[in-house]
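Colleague: Please see the structure below; I have some questions.
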Amino acid sequence: MRHEGARHVVDEQPARCRARTRLLWAMLLVAVAVPACGGSPEPASPTPAGPAASPEQSPELPLPPFTPPSFPLPEPRPDGFGVTLTKFLTLPRSEPKPPVPDGRLERYNRINYLGEIPDGSGRLYVPDMNGMLYVIRDGKPAPYLDVGGRVGPAFFTQKGLGSGLSFAAFHPDFARNGKVYTVHTEARGALTGAKPNLGPTPARTVMHSVVIEWTFKDPAAAAFDGTRRELMRVGFVGTYHSIQQIDFNPTAKPGDEDYGLLYLVVGDGGAVNTAADDGLTSKVPQDLTVPQGKVLRIDPLGTSPGKQYGIPRGNPFVGKPGALGEIYAYGLRDPHRFSWDPEGARSMLLGSIGEDNVESIYDVRPGDNFGWSDREGPFVVQPAKNCLVTKLPADDRRGFVYPVAAYGHTIPPGIKPCSDTGHAVIGGFVYRGEALPELRGKYVFADGVSGRMFYTEAAEMRRGKQLATIHELTLFDEAGAAITMRTTAGDPKVLTAGKPRVDLKFGIDGKGELYVLAKGNGTIWKVTGTKQVEPPVPTGTPAPQPTPSR
């Protein structure tokens with residue numbers, strides 16, 4: 001993405017599904033028996049830091065090795081599997097202050113995540129990018145921390161879809177230490193009154209992302225009362241692709257190396273797009289001396305010389321001359337949402353929004369280079385032919401790490417190539433909850449602009465193997481009627497590529513149950529059921545005709 005009829009319910013395990021499962025396993029057995037020819041080996045990378053794999057991990061599926069895919073990638077299609085969305089609540093209406101000219105920022109509100117406070121209280125929290133962090137208890141929202149109001153006039157929400165209160169993350173020991181971390185954007189007076197403190201300051205800085213630690217006097221309090229300190233400030237040359245998420249690894253336990261370490265995903269700030277006339281020559285995401293276009297990892301309670309935090313000794317570039325020790329992985333454009341699979345290898349899965357062609361999901365490990373702006377997903381960027389990509393060479397040896405799942409941009413009718421086609425992947429979660437056994441083991445994610453929801457099998461998302469197959473989820477309301485998020489939550493006054501914009505995000509509670517959020521109507525839904533239906537006939541494919549009786 002640039003800058004931005006009812007169906008008939010069938011048996012839960014129809015013959016079609018059973019036949020497809022048998023066929024899949026047959027194909028996998030053939031793939032094991034026959035040596036693969038060609039292909040690109042998985043780039044070597046350090047052993048991932050953090051907790052070891054679960055001793056109860058299931059044997060890996062035998063998958064074909066990665067081979068360079070052809071462009072365009074297949075369009076995700078419904079396969080008949082769906083989920084039920086039950087309305088949970090609608091958050092209060094809000095707006096940027098002062099008012100903005102960009103309609104994409106004038107939504108019902110700008111809620112962008114739901115999580116659970118890790119103190120055993122069962123309280124949920126939701127950030128509204130317009131400045132307020134809400135707490136939800138017994139199904140009722142209440143103001144919890146007014147980040148925008150406490151920051152003051154420098155708080156910036158006037159330009160850029162990621163501007164404002166981007167995210168909040170509670171320390172895993174919050175019940176004891178009362179510490180919560182937020183990241184927000186600042187401009188105006190902050191551009192002259194405050195200085196970025198990580199890496200060289202870009203020559204033309206127009207916005208800062210600021211990470212703050214807030215310490216509650218009483219962690220059980222209904223609203224914030226306490227102190228704050230600034231941990232980090234990063235400058236950007238554009239008002240988009242800033243720090244979109246910060247979070248702690250929820251699979252790490254006390255004593256693990258990863259416990260209490262804070263991850264930050266930092267976009268390229270638009271540096272690539274403003275580099276030159278061809279738009280794709282900046283090497284900022286590949287430059288290890290700067291934080292833009294990177295995944296960072298820090299210890300917010302630690303100390304390092306000249307820092308308000310500690311740099312973990314296990315970070316892959318600690319001690320490398322000229323490199324920032326905070327860097328965990330690099331080569332990214334607009335990393336947007338990440339999460340960890342709580343079972344199996346406990347993979348860190350990251351959704352990365354593409355430029356013109358590809359939306360990608362990566363399995364992140366320390367030291368990874370995801371290739372931007374030399375690569376867009378599993379393709380070669382052609383900077384001399386702006387917005388075009390080509391197939392990887394069969395003997396690719398650049399050492400880049402390619403996605404474990406990806407889908408392409410389908411250009412809507414009437415929309416010019418190289419313009420905003422209305423695609424932006426939103427990373428989600430591998431469902432490991434107990435309430436919906438049919439959903440277990442599936443990685444659920446979405447295209448945020450259209451509100452289309454997808455899934456892949458987590459067991460298929462493996463580095464160095466073929467891209468996992470992506471299926472579109474069919475969505476149902478509480479009454480069992482098929483719905484789309486575009487009709488349910490799209491705003492007809494805010495269009496992208498000629499269609500209503502949804503701006504869909506995900507959340508998860510302490511039991512691993514999933515939630516869906518939309519800025520278009522400020523509403524949160526809980527995923528409460530699964531359903532199997534006959535998949536629709538693909539467009540352009542004749543409907544099957546009944547077999548004549550004999």
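The values are calculated or read from the model by the stated rules, or taken from the named source; none is laboratory data. Note that the coordinates shown come from a computational prediction; the quantities given were computed from them, not determined experimentally. Neighbour counts are summed over all protein chains in view; Cβ atoms, including those assigned to glycine, are modelled from backbone coordinates with ideal geometry.
Colleague: Every residue in the range 245-276 that is over 23 Å from residue 177 (Cβ atoms) and either modelled with pLDDT under 95 or part of a loop (DSSP other than H, G, I, E, B) (or both), please.
Modeller: Those that are over 23 Å from residue 177 (Cβ atoms) and either modelled with pLDDT under 95 or part of a loop (DSSP other than H, G, I, E, B) (or both): 267, 268, 269, 270, 271, 272, 273, 274, 275, 276.
Colleague: Also, quick follow-up: Which one of these is closer than 23 Å to residue 196 by Cβ and part of a loop (DSSP other than H, G, I, E, B): 312, 335, 342?
Modeller: The unique qualifying residue is 312.
Colleague: Which number in (1) modelled with pLDDT of 95 or more; (2) among the small types (Gly, Ala, Ser); (3) more than 21 Å from residue 214 (Cα to Cα) marks the one condition that residue 103 misses?
Modeller: Single failed check for residue 103: (1).
So that you can scan it fast, the table gives a plain yes or no per residue for (1) assigned to a loop (DSSP other than H, G, I, E, B); (2) crowded, with 22+ Cβ neighbours inside 10 Å:
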residue	(1), (2)
104	no, no
109	yes, yes
119	yes, no
122	yes, no
127	no, yes
142	no, no
145	no, yes
149	no, no
153	yes, no
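Colleague: Now for a different question. Just to be sure, is residue 345 modelled with pLDDT of 95 or more, out of contact with any strand residue (DSSP E or B) (no Cβ under 6 Å at 6 or more places or on another chain) and of a type in the set (Gly, Ala, Ser)?
Modeller: No: the conditions fail for residue 345.
Colleague: Shifting gears a bit: What residue, among those in the range 458-516 that are on the phi > 0 side of the Ramachandran plot and touching an Asp or Glu at 6+ places or on another chain (Cβ under 7 Å), is modelled with the lowest pLDDT?
Modeller: For the range 458-516, the residue satisfying everything is 497.
Colleague: Looking at the range 469-502 only, could you name the residues that are closer than 14 Å to residue 521 by Cα, outside any strand (DSSP E or B) and either in contact with a Ser or Thr (Cβ under 7 Å, 6 or more places away or on another chain) or of a type in the set (Asp, Glu) (or both)?
Modeller: The answer is 486, 489, 502.
Colleague: Of all residues in the range 88-101, count the ones that are exposed (fewer than 15 other Cβ atoms within 10 Å of the Cβ) and charged (D, E, K, R).
Modeller: 2
Colleague: Testing residue 339 on (1) among the polar types (S, T, N, Q); (2) under 18 Å from residue 460 (Cβ atoms); (3) out of contact with any Phe, Trp or Tyr (no Cβ under 7 Å at 6 or more places or on another chain), one condition comes back false. Which one is that?
Modeller: If we test residue 339 against (1) among the polar types (S, T, N, Q); (2) under 18 Å from residue 460 (Cβ atoms); (3) out of contact with any Phe, Trp or Tyr (no Cβ under 7 Å at 6 or more places or on another chain), just (3) comes out false.
Colleague: Also, I was wondering about something else. Six or more apart or on different chains, Cβ under 8 Å: which pairs go from a residue in the range 412-425 that's farther than 22 Å from residue 333 by Cα to one that's among the hydrophobic types (A, V, I, L, M, F, W, C) and part of a loop (DSSP other than H, G, I, E, B)? Could you list them?
Modeller: Pairs found: 412/497; 415/497.
Colleague: How about the range 447-461: which of its residues are aliphatic (A, V, I, L, M) and either within 16 Å of residue 530 (Cβ to Cβ) or surrounded by 22 or more Cβ atoms within 10 Å (Cβ to Cβ) (or both)?
Modeller: 449, 453, 458, 461, listed by residue number.
Colleague: Output the residue which, of all residues in the range 72-100 that are part of a loop (DSSP other than H, G, I, E, B) and within 23 Å of the chain's Cα centre (by Cα), is farthest from residue 481 (Cα to Cα).
Modeller: 72
This table checks each residue for (1) of a type in the set (D, E, K, R); (2) under 16 Å from residue 146 (Cα atoms).
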site: 171; (1), (2): no, no
site: 175; (1), (2): no, no
site: 192; (1), (2): no, no
site: 197; (1), (2): no, no
site: 202; (1), (2): no, no
site: 221; (1), (2): no, yes
site: 225; (1), (2): yes, yes
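Colleague: Among the listed residues 444, 502, 494, which satisfies the condition of being buried (at least 23 other Cβ atoms within 10 Å of the Cβ) and β-branched (Val, Ile, Thr)?
Modeller: On inspection, the qualifying residue turns out to be 502.
Colleague: Hey, among the residues in the range 162-196 that are under 15 Å from residue 111 (Cβ atoms) and of a type in the set (A, V, I, L, M, F, W, C), which one's surrounded by the most Cβ atoms within 10 Å (Cβ to Cβ)?
Modeller: So, considering only residues that are under 15 Å from residue 111 (Cβ atoms) and of a type in the set (A, V, I, L, M, F, W, C), the one surrounded by the most Cβ atoms within 10 Å (Cβ to Cβ) is 168.
Colleague: Sticking with this one: Out of 103, 122, 149, 164, report the one residue that is over 20 Å from the mean Cα position of the chain (by Cα) and at positive phi. Break it down into steps so the answer makes sense when it comes.
Modeller: Numbers: 103 fails: at positive phi; 149 fails: at positive phi; 164 fails: over 20 Å from the mean Cα position of the chain (by Cα).
Going through 103, 122, 149, 164 in turn, the sole match is 122.
Colleague: Could you pull out the residue among 163, 121 that is farther than 25 Å from residue 525 by Cβ and either in contact with a Leu (Cβ under 6 Å, 6 or more places away or on another chain) or hydroxyl-bearing (Ser, Thr, Tyr) (or both)? Steps first, please.
Modeller: Values: 121 fails: farther than 25 Å from residue 525 by Cβ.
That would be 163, the only listed residue that is farther than 25 Å from residue 525 by Cβ and either in contact with a Leu (Cβ under 6 Å, 6 or more places away or on another chain) or hydroxyl-bearing (Ser, Thr, Tyr) (or both).
Colleague: Output the qualifying pairs, or none if there are none: Cβ atoms under 6 angstrom, residues six or more apart or on different chains, first residue in the range 168-188 and over 16 Å from residue 231 (Cα atoms), second residue of a type in the set (Phe, Trp, Tyr) and part of a loop (DSSP other than H, G, I, E, B).
Modeller: Here the result reads 187/156, each pair linking the range 168-188 to a residue that is of a type in the set (Phe, Trp, Tyr) and part of a loop (DSSP other than H, G, I, E, B).
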